[in-house]
Every structure is written in structure tokens, then in C-alpha cells.
Amino acid sequence: MNLASPFSLSIVAITVLAFLGLPIGLSMIAGSIFYLMLSGADMGIAAEQFLNGMYSNYVILAVPLFVLAAEFMNIGSMTERLLSFCNVLVGRFRGGLAQVNVVQSIIFAGMSGSAIADAAGTGGMMQKLMTNGGRYTPSFAAALTAVTAVIGPIIPPSIPMVIYALVSDASIGFLFLAGIVPGLLMAALQMVQIAITARRKNFPVEEPVPLREIPGITWRALPALLMPVLLLGCIYSGITTPTEAAALAAAYALIISAFVYRSISFAAFYRALFVSAKTSVSIGMLIAGALVFNYVVTIENIPESLRVILTGWDLSPTTFLIFVNIVLLLLGCVLEGTAILLIIVPVFIPTAQALGIDLVHFGVVVVVNIMLGLVTPPYGLLLFIVAKISGAPVRDIIRDAAPFILWMVFCLGVITFLPDTVLWLPRLLGYQG
């Protein structure tokens with residue numbers, strides 16, 4: 001590549017602007033406009049690309065709606081009721097409160113679709129419960145909250161899968177189905193690690209819930225537990241599209257929190273709207289920047305050039321997936337996940353198609369890689385979020401998270417080399433891939 005070419009200079013501009021602190025979305029827009037200027041093209045193409053891309057992709061609406069649903073759950077009492085129900089299920093075992101952390105992440109995974117929303121929403125509460133009375137160290141509680149939050153975007157619904165569907169044209173519904181088994185496998189492996197650590201460190205055993213209280217706890221949690229059933233039932237029955245289901249999820253969370261649990265004040269409602277708007281705008285700018293930059297990448301024929309190079313290496317599908325895993329794991333240490341999905345992954349998709357790799361399987365592999373990036377240093381966004389919540393040093397959190405991360409890498413290997421673990425459920429429900 002010519003180091004003085006417009007494309008090379010635009011990459012330098014994006015890198016410098018991002019390094020100086022400009023949000024990556026705005027950096028990509030600025031770098032793309034710089035490319036258009038240097039190449040003599042109409043700079044108005046930048047506005048045309050992201051406006052057309054944002055307004056013509058109905059699926060993008062699912063992102064702010066899932067964010068809003070998560071906020072409505074967090075400000076209501078749905079969290080407390082679900083935690084009480086999880087405690088009924090696994091709280092009586094050694095290290096039971098740690099196991100509760102995993103189970104609540106599985107349940108919340110069916111509601112918010114965001115790892116950050118799960119960590120920020122239930123993270124503070126689980127941190128207090130686990131460290132109360134010195135049951136667990138702050139760093140272990142924080143590490144566990146971070147690694148269990150990763151389950152959220154793997155089990156449907158999933159904001160990263162929505163974004164992957166945007167760049168790959170894969171079916172959102174089948175992507176959601178494909179994430180269920182890998183997400184449950186990851187949760188099971190985390191629970192195994194907790195059991196091992198609990199025996200070694202003699203974690204406390206919680207007071208068992210009296211039998212007479214279980215029906216009441218279950219009844220009070222039932223409206224919240226029905227949310228993922230309603231959400232996924234509407235999608236897979238064909239009653240709604242995933243975007244419409246996201247709107248339904250937000251409406252359901254608001255109705256249950258406000259009128260059934262009666263736990264939302266007007267101030268909390270306003271705050272939820274404000275936080276959701278900020279988060280959605282941030283994601284929207286990133287998507288807009290990626291749409292413009294992907295136009296530049298397409299003009300430069302980068303995906304096809306990479307496909308030709310990789311085809312020339314005579315890679316098998318398995319070798320290619322190993323290569324992608326390595327690249328994404330390394331990039332996940334330094335880049336934000338949405339940026340990887342929007343900038344890097346589209347470059348790999350033509351090669352994956354040429355090698356006959358199923359795009360639903362590829363999407364789940366990509367999303368699991370990106371979720372791993374949230375808990376791997378030095379970037380590890382979830383590590384910094386739970387460090388802020390817990391007050392524990394990041395280095396101690398990383399130490400306690402390390403065994404769980406190794407299990408997650410093992411899970412990634414399973415879904416990479418055994419595609420049927422990902423695809424059997426979608427195929428059971430009609431997927432032809």
C-alpha cells in the first residue's frame with residue numbers, strides 16, 4: 001500500500017484523532033471526509049452514506065430500544081425480585097451467592113442484550129451482596145460480575161448480533177437462536193469454576209430459603225421472568241420482527257416496573273430516558289462513522305483484495321477461523337467491540353463466504369471474541385466499569401478473572417471447531433444454512 005495514498009493518509013488521520021481523544025465515530029467521519037477531499041470526490045457523499053445507511057436500516061432501531069428496555073429494568077424493582085428468585089435456585093450451595101451472579105446474568109441476558117447494561121445494572125447490587133460481611137473479596141466479586149456480564153450479548157437478545165446482522169445481512173432471528181447454546185455453555189463453565197474456587201477458598205454457604213417462602217418469591221418475580229419468554233416468543237413465532245420485539249420489551253419493562261411493581265418515580269423515568277438517549281447517540285455516531293468509512297473501504301476494494309490474498313494462502317475454513325480468532329482477540333485488547341464489528345468484521349465476511357463458512361456460525365464466533373475483549377486487558381471496558389463500582393484495583397480484578405477468561409477461551413474453541421453447537425438449534429427451527 002502506498003504510504004502517501006489518500007486511503008493511507010485517511011487511516012493516519014483517524015488514528016491520530018482517536019489518539020487525541022475524539023470519539024472513534026467522529027474520527028472515522030473526519031478521516032473519511034479527508035479521504036474524499038484528497039481523492040477529489042464529492043465530500044457530500046459522506047452525509048449521503050450515513051444518512052441513507054441510518055434511515056434505510058430498520059434493524060438499527062432495535063439498538064436504542066434494547067438499551068431503553070435495560071434502563072427501565074434497572075430503575076424498577078425487577079432486579080431485586082429476580083435476584084431473590086436466583087437465590088432460591090442456587091443460593092444454598094457453597095459459593096451460592098457467586099452462583100447467583102451467574103444465574104441472574106443468564107436471566108438478564110434475555111432482556112437487555114448489553115453486557116455493559118448488565119454489569120452497570122446489577123453489578124452494584126451484586127457487589128454489595130457478595131462483599132457484605134466479608135463473604136467475598138471486592139476484587140473477586142467485581143471480576144465475577146464482569147465475566148458473567150459477558151453472557152448477556154451472547155444469549156438473545158443481543159445488540160452486537162443486531163450490529164453484525166447489519167454488516168453481514170445474516171438473519172437476526174437465527175443469530176439470536178444460535179447464541180443460546182454457546183451462552184449457556186459459557187455460563188455452565190463459569191459455574192464449574194466457581195465450584196472449584198469455592199471448595200479451594202472455602203466460600204460461605206448462604207442461609208437456605210425456607211420452603212414456605214419459595215412460592216411467594218417465585219410469584220413476585222414471575223412478571224419479570226416472563227419478559228424473555230414474551231420477547232423471544234414474539235420473534236420466533238413471527239408475530240413481530242426483532243426491532244418490534246425490542247420496542248415491545250421496552251414497553252413491557254416500563255409497564256411492569258411502573259404499574260405492577262410500582263417502583264418508578266418520574267425522576268427515575270426521566271433519568272432512564274436521558275441515559276438511554278446518551279448511550280444510543282454514542283452508538284449511533286459510531287455506526288454512522290462506520291457506514292462512511294466502509295464506503296471508503298469499498299471504493300478501495302479492501303475486502304476483495306483481502307479475500308484474494310487469503311485465498312492465495314490456500315486456507316481451509318478451520319485455519320481461517322483460527323486466524324480470525326487470533327486477530328479479533330488481539331484487537332479486542334485495544335479496541336472497542338462495536339468499532340471492531342463495524343470496521344474489521346466486514347473485511348472478513350467475503351472471505352468467510354468464499355470458504356463456505358456459514359455466516360450465522362461466523363457471527364456467533366465474532367460476537368464471542370468481542371465479548372472476550374470486554375474483559376481482557378489493557379482495554380477491557382467491563383474491567384474498568386466494575387473497578388469503578390467496587391473500588392478494587394484493576395490488577396486484582398484481572399487476577400481473579402483470569403481462570404474464568406481461560407474457560408471462555410475454551411468455549412470459543414468449542415464453538416469454532418464444532419459448528420453444530422451453534423447451528424443445531426437454528427436448524428431445528430427451520431434454518432437452512
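The values are calculated or read from the model by the stated rules, or taken from the named source; none is laboratory data. Owing to the predicted nature of the structure, the values given are computational and were not obtained by experimental measurement. Quick reminder, even Gly has a Cβ in these numbers, built from the backbone with ideal geometry, and neighbours come from all protein chains shown. The area values use the complete protein model at the heavy-atom level, side chains included, leaving out ligands, DNA and RNA. Shrake-Rupley method; radii C 1.70, N 1.55, O 1.52, S 1.80 Å.
Residue by residue, here is whether (1) open to solvent by 30 Å² or more (accessible area, probe 1.4 Å); (2) in contact with a Cys (Cβ under 9 Å, 6 or more places away or on another chain); (3) not in a helix (DSSP H, G or I) holds:
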| site | (1), (2), (3) |
| --- | --- |
| Thr376 | no, yes, yes |
| Ala402 | yes, no, no |
| Val409 | yes, no, no |
| Thr416 | no, no, no |
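Taking segment 378-393 on its own, how many of its residues are within 17 Å of the chain's Cα centre (by Cα) and part of a helix (DSSP H, G or I)?
Within segment 378-393, the first condition is being within 17 Å of the chain's Cα centre (by Cα), and the residues that meet it are 379-386.
Remaining after also requiring part of a helix (DSSP H, G or I): 381-386.
Count: 6.
For the structure I just gave you, tell me whether Thr240 is within 25 Å of the chain's Cα centre (by Cα), within 20 Å of Pro156 (Cβ to Cβ) and open to solvent by 40 Å² or more (accessible area, probe 1.4 Å).
Details: within 25 Å of the chain's Cα centre (by Cα): yes; within 20 Å of Pro156 (Cβ to Cβ): yes; open to solvent by 40 Å² or more (accessible area, probe 1.4 Å): no.
No.
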Worksheet, complete the sentence: Residue hits (segment 334-374; touching a residue at least 40 places away in the same chain (Cβ under 8 Å), among the aliphatic types (A, V, I, L, M), open to solvent by 20 Å² or more (accessible area, probe 1.4 Å) and not in a loop (DSSP other than H, G, I, E, B)) are Ile343, Val347, Ala354, Leu359
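Residues Ala268, Ala247, Ala251, Ala290: which one is over 30 Å from Ala18 (Cβ atoms) and open to solvent by less than 30 Å² (accessible area, probe 1.4 Å)? Can you show your working first?
Working: Ala247 fails: open to solvent by less than 30 Å² (accessible area, probe 1.4 Å); Ala251 fails: open to solvent by less than 30 Å² (accessible area, probe 1.4 Å); Ala290 fails: over 30 Å from Ala18 (Cβ atoms).
One residue alone meets the criteria, Ala268.
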Worksheet, complete the sentence: Expected output for segment 245-264 (first residue within 15 Å of Arg81 (Cβ to Cβ), partner assigned to a helix (DSSP H, G or I) and not aliphatic (A, V, I, L, M), Cβ below 7 Å, 6+ apart or cross-chain) is Ala253/Phe72; Ile256/Pro223; Ser257/Phe72; Val260/Pro223; Ser263/Ser257; Ile264/Ser257
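Here's a check for you: in segment 198-219, which residue that is buried (at least 18 other Cβ atoms within 10 Å of the Cβ) and either out of contact with any strand residue (DSSP E or B) (no Cβ under 7 Å at 6 or more places or on another chain) or part of a helix (DSSP H, G or I) (or both) is modelled with the highest pLDDT? Full working, then the answer.
Initially, segment 198-219 is screened for residues buried (at least 18 other Cβ atoms within 10 Å of the Cβ), giving 198, 203, 206.
From what's left, either out of contact with any strand residue (DSSP E or B) (no Cβ under 7 Å at 6 or more places or on another chain) or part of a helix (DSSP H, G or I) (or both): 198, 206.
Details: Ala198: 83, Glu206: 67.
Filtering first and then ranking leaves Ala198.
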